Every structure is written in structure tokens, then in C-alpha cells.
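The values are calculated or read from the model by the stated rules, or taken from the named source; none is laboratory data. Note that the structure is a prediction, hence the values are computed from the model and not measured. FYI the Cβ positions are ideal-geometry reconstructions off the backbone, even for glycines, and counts take in every protein chain you see.
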Amino acid sequence: MSRSQWGSRLGFILAAAGSAIGLGAIWKFPYVAATNGGGAFLLIYLLICLSVGLALMLGEMALGRAAGSNAVGTFRQLGGKPWPIVGLVGVLVCFLIYSFYSVVGGWTIAYIGKSLTGSILTSDAKVLGDTFNAFITDPLQPLVFHGLFAGLTLAVVLGGVQKGIENLSKFLMPALFVLMLVLIVRGLTLPGAVDGLLYFLTPDLSKVTGTMLVDAMGLAFFSLSLGMGIMITYGSYVGRDTPLLGSSLWVIALTVLTCFLAGLMVLPAVFAFGFDPSAGPGLTFITMPAVFAQMAGGQLFAVLFFCLLLVAALTSSVSLLEVVVSAVMEELKMPRRKAAWLVTLAVFLLGIPASLSLGIWREYTLFGKGFFDLLDYLTSNLLMPLGEVLLALFVGWKVWPSVAAELSRHGKTPAWLGVMRGFCRYLAPVLILGILVHNL
Ligand code: PFF
């Protein structure tokens, strides 16, 4: 069976950017940046993305293209035993993340509905907080939307690499930027918005601490979808002539730009109506509806805002599912259709306790955390950094000659290769071990 390929370079870049740009950039970034020193956080986030982030993304794409295989097969082919375990951990992490990502993806669909009916268009943040809580703790409703979201993701992955993932990304990613621009213009033209802009962009150097650095690195790697085989899998579908450096720079630039735009979209509007920008995760589902309730044309903007979140989440969840599906297809010799259905069913089932742990199963905890929080903690704080360190060591020390050959396709060795090798060998392992130790 011949392997799938992207139809065009643009399609590949938009699909990879679609994976990167997700709830991390649009939901998490604004409130994390707002509470961590605004412009200072943005700058550090940018530096991390352009150094270690770039090196790891290039490394992953080069590995995938060199091996032409899924995440597990890539490590087996290039590194031999015991390296496939690293690929396997990546696949497992994608599976675990997808289970709770899909629950939140479901919330975005529900909130499109709530915006359409107007039921969340009140400026009383207390009422909105109660509405949100009542919704996510309900035993049934979030599960229906989780199923719907997983079903949408399944439909795309069933379509395959070109017809499913690439076509969706080529259509939805430009739409995402248009939606953001509309919302930014609306936010910035509100009276009082300038204060929010200044708050977001003025660097508060007193907030630059160890914890802030760890937060910035964690968010950078999460938002670039690194360390779990995603860019390996997407890289394995890239044609031989596609330059990988330029493509990964595009993906990173689009992701950083989106984070910046997400801050511009949310913070000025939140300020204009006098809400607390450091409301944390509630900023999206509680504060933003209150903002829309007070805006002229607010209902329309609320619908657009939650559509935007859905688009961002969907193109990311598609990549999470594709990594698992491609590994199951190739390692267990299963047709795409069967693999995609099986994985989706398993993810749906795992998402059930995750969702219920926010409501009726709240008392069941392990290490003081409910199942949803435990999944999030285990993947984001422990397994992802572990995968990233191993990836950096693998690229920098174990298979560097193959990676270098893959990155110097047209004969000459590019001058920047030495720098990338240094990042993979030394800087990335040291920084990421720092995150791991801090999190432990
Ligand atoms: N990058 C996506 C986001 O920021 O929402 C989420 C994500 C996708 C994280 C894939 C990790 C991943 F492997």
C-alpha cells in the first residue's frame, strides 16, 4: 500500500499550523500571558519557540520524512531498540490528551448553541459562572457534545491525509484568521480598550521568575504540538522537495502570531468592560460572554468567537487522532477506516470519566486530583516533557547524521545546522529537564 502524501506545501504548512494553533494559543495564552507579565511573557515565549521549539519541530519533521513511517515505526527504523518506546509514549500521550481535549471541544460546540439562543448573553459574570458550572458538571449534556466533537474529528480523519486533513485545514485556517481579525477590530474599537492593550503589551519584568519561564516553555511546547509524534507523522507525508526549515518557520510564525492576536482579541475587550483579565481558564467561557453581552452586535460576535474556538480545537484534535490512527494502521496492519473508528470509540469512552470527574464523580480523586485534572497533569507536566527530552537526545545524539542529511537535501550543508544540533544536544535537554524537575 503506498503511503499518503500532502498535495501541496501550503496544505502541509496549514495542516501543521492547524495542529499547533488550538485551545493552547486561543484559550490558554491570553490568560497565562496576562497573569505572567504581559509583553515580557510574549517575548520569552517567542524566544523559546524560535530556538528550542524550532529545533525540535525541524527534528521531528526530518525524522518523519527520513523514515516515511508513523511515530513508532520512525523510531524503530532510525534508532532500533529500545527507541520505539519513545514513539509509543508519544502515541499514548496523543490518545490521552485527545480524550479530554475532545470534552473541551464539545463545550465549544455547546457554547455556539448557547450563543445562538442568546442564553449566555448576560453581563452578570456570576450568572455566567453558574451557567458554565452547571453545564460542565451535568452528567449528560457534555458527553453528548464530546461525542459530537469526536464524531467531527473522526469524519475528517476518515477522509485521509489529503482529502480529509489537508482540505479541512486549507479551508478552516484562513477562516480562523478572518474571524480573529473581525473580533480584534471590534475589541479594539471599544472605549477603554487601550488600557487592555497596554496591559497586554507592556513588559512587567518583575514577573520574570523561574515559574514564569517554566510556564512559558510548557505552553510553547504544548502549543507547537511537540514531543509526541505529531510533527513526525505529519512530516512523514511531506514530499522530498519540500524545504523543511522554511515550512517549520511558517508554522511557528503562524502560531506565535495567533497567540499574539488571541491576546489582542481578548484582553482589550475584557478591560473595556472592567472585567478581571486574570480570571484564568474562565476567561473564555465566563468573561467573554459577559463582554459580548454588552457589545453592540454582541450575539453575532459571540457566535463567531465560539466558532473560532471550535475551528482551532478541531484542526488540533484531528492531528491527535491522526497520530494514533497512523500508528495503529501501520503497526497493527489495519485499514484506516477500522483504525479510526476503534480509536475514536476508545477515546470517547475515556472522555466519559474525564467529563464526569468535573461533576458527579468529583469525589473520586487520586493524588488530590479528579480524573480530568489528572489526565491533564500527567500529560502536560510529566509525559510531554519526558517525550521532548528523549526526542531531543535522539535527534541530537543518536541519529543526527540522518537528520542532517535529511535537512541538507540539495548537496550543501546549511550553516544553521550546527546551531540546531547544539539546541538538540544541549539546550533543549537542559531546559526541558528543568521543567520536569520543577513540575515534580
Ligand atoms: N497544539 C494544540 C493546542 O495548543 O491546543 C494542542 C495539542 C495538539 C497539543 C497536539 C499537543 C499535541 F500534540
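Could you say which residue among V127, V182, V103 is aliphatic (A, V, I, L, M), surrounded by 22 or more Cβ atoms within 10 Å (Cβ to Cβ) and assigned to a helix (DSSP H, G or I)? Break it down into steps so the answer makes sense when it comes.
Values: V127 fails: surrounded by 22 or more Cβ atoms within 10 Å (Cβ to Cβ); V182 fails: surrounded by 22 or more Cβ atoms within 10 Å (Cβ to Cβ).
The unique qualifying residue is V103.
Hey, among the residues in region 375-413 that are without any contact (Cβ under 8 Å) to a residue 24 or more places away in the chain and part of a helix (DSSP H, G or I), which one's nearest to S223 (Cα to Cα)?
Step one: filter region 375-413 for residues without any contact (Cβ under 8 Å) to a residue 24 or more places away in the chain, giving 377, 401, 404, 408, 410-413.
Still in the running and part of a helix (DSSP H, G or I): 377, 401, 404.
Values: Y377: 16, P401: 28, A404: 25 Å.
Only one residue fits best here, namely Y377.
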One residue is enough: does region 22-37 have a residue meeting the conditions surrounded by fewer than 24 Cβ atoms within 10 Å (Cβ to Cβ), of a type outside the set (F, W, Y) and closer than 21 Å to G90 by Cα? yes
Would you mind telling me which numbered condition in (1) among the aliphatic types (A, V, I, L, M); (2) part of a helix (DSSP H, G or I); (3) in contact (Cβ under 8 Å) with a residue 24 or more places away in the chain; (4) more than 24 Å from N381 (Cβ to Cβ) V238 fails? (2)
Of the residues G164, G151, G90, which single one is more than 16 Å from the ligand (Cβ to nearest atom), in contact with a helix residue (DSSP H, G or I) (Cβ under 6 Å, 6 or more places away or on another chain) and assigned to a helix (DSSP H, G or I)? G164
So, G68, is that one more than 14 Å from the ligand (Cβ to nearest atom), more than 21 Å from L264 (Cα to Cα) and crowded, with 23+ Cβ neighbours inside 10 Å or not? no
Residues located in region 285-300, provided they are surrounded by fewer than 21 Cβ atoms within 10 Å (Cβ to Cβ), hydrophobic (A, V, I, L, M, F, W, C) and within 15 Å of L179 (Cβ to Cβ): L300
Can G73 be described as within 16 Å of the ligand (Cβ to nearest atom) and either in contact with a strand residue (DSSP E or B) (Cβ under 6 Å, 6 or more places away or on another chain) or modelled with pLDDT of 95 or more (or both)? no
Tell me yes or no: at least one residue of region 35-56 is more than 15 Å from the ligand (Cβ to nearest atom), over 29 Å from A175 (Cβ atoms), assigned to a loop (DSSP other than H, G, I, E, B) and more than 16 Å from the chain's Cα centre (by Cα). yes
Any residue in region 14-32 that's over 19 Å from G280 (Cα atoms) and modelled with pLDDT of 90 or more: show its pairings with residues that are charged (D, E, K, R) and surrounded by fewer than 24 Cβ atoms within 10 Å (Cβ to Cβ) at Cβ separation under 7 Å, as long as the two are six or more apart or on different chains. L14/K170
Kindly establish whether F12 is touching a helix residue (DSSP H, G or I) at 6+ places or on another chain (Cβ under 7 Å), farther than 24 Å from P385 by Cβ and either of a type outside the set (V, I, T) or within 14 Å of the ligand (Cβ to nearest atom) (or both). yes
Looking at region 173-222 only, could you name the residues that are more than 24 Å from V430 (Cα to Cα) and touching a strand residue (DSSP E or B) at 6+ places or on another chain (Cβ under 9 Å)? L198, Y199, F200, L201, T202, P203, D204
Can you name the residue in region 205-221 that is surrounded by fewer than 22 Cβ atoms within 10 Å (Cβ to Cβ) and among the hydrophobic types (A, V, I, L, M, F, W, C) and is also farthest from the ligand (Cβ to nearest atom) among such residues? L205
From V328, V324, V251, grab the single residue that is of a type in the set (V, I, T), closer than 30 Å to L345 by Cβ, within 12 Å of the ligand (Cβ to nearest atom) and in a helix (DSSP H, G or I). V324
Residues of region 185-203 being over 18 Å from G297 (Cβ atoms) and part of a helix (DSSP H, G or I), which ones? V194, D195, G196, L197, L198, Y199, F200, L201
Given the conditions (1) assigned to a helix (DSSP H, G or I); (2) among the hydroxyl-bearing types (S, T, Y); (3) over 17 Å from C424 (Cβ atoms), every one holds for S225 apart from (1)
